[in-house]
Amino acid sequence: AAGAEAPSMEEALPEAYTELARVFDLLERHYRDMQDIEFTVERGHLWMLQTRSGKCTAKAALKMAVDMVGEGLIDEKEAVLRVDPMALDQLLHPTLDPNAERDVLTKGLPASPGAASGKVVLDADTAEQWAGRGEKVILVRVETSPEDIHGMHAAQGVLTARGGMTSHAAVVARGMGRPCVSGASSVSIDLKARKLRIGSRELSEGDTITLDGATGEVMAGQVPTIEPELAGDFGTLMEWADKHRRMAVRTNAETPADCRMARQFGAEGIGLCRTEHMFFDAGRISAVREMILAENEAGRRRALEKLLPEQRADFTDIFTTMAGLPCTIRLLDPPLHEFMPQQDAEFEELAATIGVTADQLRRRANELHEFNPMLGHRGCRLGITFPEIYEMQARAIFEAACDVTAQGGDPVVPEVMIPLVGTKRELAILRKLVDDTATRVFAEKGRTLDYLVGTMIELPRAALMAGEIAEEARFFSFGTNDLTQTTLGVSRDDAGRFLSVYVEKGIYPRDPFVSLDIEGVGELVKLAAERGRAARPGIKLGICGEHGGDPASIAFCEQTGLDYVSASPYRVPIARLAAAQASLRGS
């Protein structure tokens, strides 16, 4: 009859259907995987044409792996090996509705997964203001810097015209769980007119766009999203992964919210707390600038006294949240120019605060100018020349650790990390500063605590001299972002313009800022690990660059015998699964 549904195969061809179901089960059990099968029925007779393992979403792959263990087809180890770690991103972030229409404006680099829609805003302050009144916003910048942190927190996602997969925007957005598209070179921003041009299209601040951080696409208007669902199968697979991995998995985090998220995802400590991110808060940036622009040590110490209670509160929150888990805290690392005022109004405001003229401040700022600040006055060089900065941070760490322990919290064992060390002498000077500060704090507090002082290996010289440096270091943390920059002589923020061509031409198999250059940078890591262990048996070794969330890099860390990897909070599950797979394949 017209409009009646066609009969099912089971109804129309019951014998062929029964045989097909039998073959389905036979093939699935033989190959121990879901099968994509082609067949035909001719004159009632079933003919099998082809079978192969079927493609599926991450959620389906996860469910099948867990179900097959339950059915006895595979064991836990094989289930752990079955799931692609990077596919877990689909489970942790919103994704675009695959059936929704898309008006694609441009495509950049898929720097941080997830999908989000919001109104275009062109600076961090506007992002914070609009978000404060309930608007969903997308922060659009040429590139971001640490002073944009508050705007990135307020935004649903971030779009930048410049920058690569490990640019500031990419790294921070991944840590926050925000989608980010970077290196969208067709994007141009007119801040004066508050306009945005993408190719031939012009948008105004306030127009809505959508980002797909998984593909790098930027779309006009709002595209519907599908929220992630972390079902029980996810937890089951993670339990199996933890059972079979050797390396610990920590997180890169510096806010209580990031720490809590990372712990929910199974992080076993903090591998990198970037203290500079704490200094850009609106309530303390003036004191930071006052410290930088001071003419002498007395002026710097006056400003640092204002920052001490803020830093102590930061570390108290972190130690409380991490509840006795190890916390590696990196002392101030970036070049001071990143904290400097940029606008005339900011110079005027700071001048009024510290009682000098704006012209005096501008002159002092010009004196601090560096031609190549990332290879200039930063890292441990700040601690050597301005030891009072590191002294304040060390005091804040130890006071917070004592306070949390005194209040009945889990015992805190801080790991104080000195960045950008290239010589044993640098570390010896700064380790003594940290030790002396700890001694004074413990005397004042009437208690002592265990702590470690170590360094970040991020310069080729540090890797080569690791044996000597290990005489002063209780741990090494490989900062592979900067180690890649300094070994390859390539800026991670500018490399997006040409690295894709290098990968296409086979010069590098993958972007070396996304997946570790094992032949070059990896050799330095191996060398440093060997020389460090020879000088100090049992030295703790970890990796805290963004490579800590990349499965291929994690496999290298397992082969090298590192003790842990550290990744952004949302990449912790990826690292847990990848570490388990690396351990199983190496056993």
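Bear in mind that the values in this text are calculations on the coordinates, not laboratory data. Every value quoted in this text rests on a predicted model; they were computed, and no experiment measured them. Note that each Cβ is placed from the backbone with ideal geometry, even for glycine, and that neighbours are counted across all protein chains shown.
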Q | Distance between modelled label sites at Glu38 and Lys505, nm, 7 Å Cα→Cβ extension | A | 4.0
Q. Each residue of the range 119-134 in order: what ³J(HN,Hα) in whole Hz does its phi give by Karplus 6.51 cos²θ - 1.76 cosθ + 1.60, θ = phi - 60°, with x for Gly and Pro?
A. 7, 5, 10, 10, 8, 5, 5, 5, 4, 5, 5, 5, 5, x, 9, x
Q | Long-range HN-HN contacts of Ile226 with modeled amide H, under 5 Å | A | Thr95, Leu96, Asp97
**Q.** Option label - percent of Cα pairs over 39 Å apart computed here, alternatives [x] 34; [y] 30; [z] 38
**A.** [x]
Q. Based on the Cβ-Cβ distance of Gln559 and Thr357, what FRET efficiency does E = 1/(1 + (r/R0)^6) give at R0 = 56 Å, to the nearest 0.05?
A. 0.40
Q: Determine, for each peptide in 264-273, 378-387, 471-480, the mean count of other beta carbons within 10 angstrom over its residues, then list the peptides with the highest first.
A: 471-480, 264-273, 378-387
Q.
Using only the alpha-carbon atoms, how far is helix 551-560 inclined from the longest principal axis of the chain? Give it as 0 to 90 degrees, nearest 10.
A. 70
Q: Return the lysines within reach of Lys243: Cα separation strictly under 27 angstrom, same-chain partners fewer than 8 residues apart disregarded; answer none if there are no such residues.
A: Lys59, Lys63, Lys77, Lys526, Lys540
**Q.** Under 16 Å from the Cα of Lys195 - lysines, other chains or at least 8 residues apart
**A.** Lys119
**Q.** Theoretical ellipticity at 222 nm over the chain - DSSP helices of four or more residues, -39500 (n - 2.57) apiece, nearest 500
**A.** -13500 deg cm²/dmol
**Q.** Neighbour net charge for Asn252 - beta-carbon separation under 11 angstrom, K R +1, D E -1
**A.** +2
Q. Hey, how many Å between the Cα centroid of the range 353-422 and the Cα centroid of the range 262-328?
A. 9
Q. Hey, with R₀ at 30 Å, roughly what FRET efficiency would Gln50 and Arg246 work out to, going by the Cβ-Cβ distance, to 0.05?
A. 0.15
Q: Calculate how steeply helix 14-31 sits against the longest principal axis of the alpha-carbon atoms of the chain, using the helix alpha-carbon long axis, and give the answer as 0 to 90 degrees to the nearest 10.
A: 40
Q. Taking amide H positions as placed 1.01 Å from N in the peptide plane, with prolines and chain starts having none, which residues 5 or more places from Leu203, or on another chain, fall under 5 Å of its amide H?
A. Leu196, Arg197, Ile198
**Q.** Residues whose placed amide H lies under 5 Å from that of Ser112, excluding near-sequence neighbours
**A.** Cys180
Q. In nm, to one decimal, how far is the Arg133 label point from the Ala313 one, both placed 7 Å along Cα→Cβ?
A. 2.8
Q) Once the other residues with Cβ under 11 Å from the Cβ of Phe386 are scored (Lys, Arg +1; Asp, Glu -1), what is the net sum? A) 0
Q. Angle, helix 232-244 long axis vs. longest principal axis of the chain, Cα atoms, 0 to 90°, nearest 10?
A. 70
(Q) Highest mean first, how do 123-129, 150-156 rank when packing is the count of other Cβ atoms within 10 Å averaged over residues? (A) 150-156, 123-129
Q. What net charge do the residues around Ala400 carry, taking every other residue with its C-beta under 12 Å from that of Ala400, with Lys and Arg at +1 and Asp and Glu at -1?
A. -2
